[in-house]
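S.K.: This is the structure, below, for whatever I ask next.
Values quoted throughout were computed directly from the atomic coordinates according to the rules given, and no laboratory measurement underlies them. In this text the structure is predicted, and so the values were computed from the model without any measurement. All Cβ positions, glycine included, derive from the backbone under ideal geometry; neighbour counts span all protein chains shown.
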């Protein structure tokens, strides 16, 4: 009886899949860390009044409202839009 797939081939495919998964995980982790750092820098650069306008609680209905407004304008908004829309 002949084997259809070599054990070495299965091992090689498993190693490639594991490495691919590790690379994807590393990219996602570094992207989220970079985004968090950028957000912290942005918020740190605002005056207290601007920070109050730019932030809200996670469970706030404003979070969903901001997504709807952004989609109407075709993309992300800056602080100027927040002032105009309120």
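S.K.: Going by how many other beta carbons lie within 10 Å of each one, how would you line up 58, 42, fewest first? Before the final figure, lay out the partial values.
M.R.: Values: 58 6, 42 12.
The order, fewest Cβ neighbours first, is 58, 42.
S.K.: Turning to a different aspect of this structure: Once fully extended, how much extra length lies between residue 43 and residue 26, figured as 0.36 nm per residue of separation less the alpha-carbon to alpha-carbon distance?
M.R.: 3.5 nm
S.K.: Now, a different point. Using a Förster radius of 41 Å, what is the FRET efficiency between residue 18 and residue 64 based on their Cβ-Cβ separation? Nearest 0.05, please.
M.R.: 0.60
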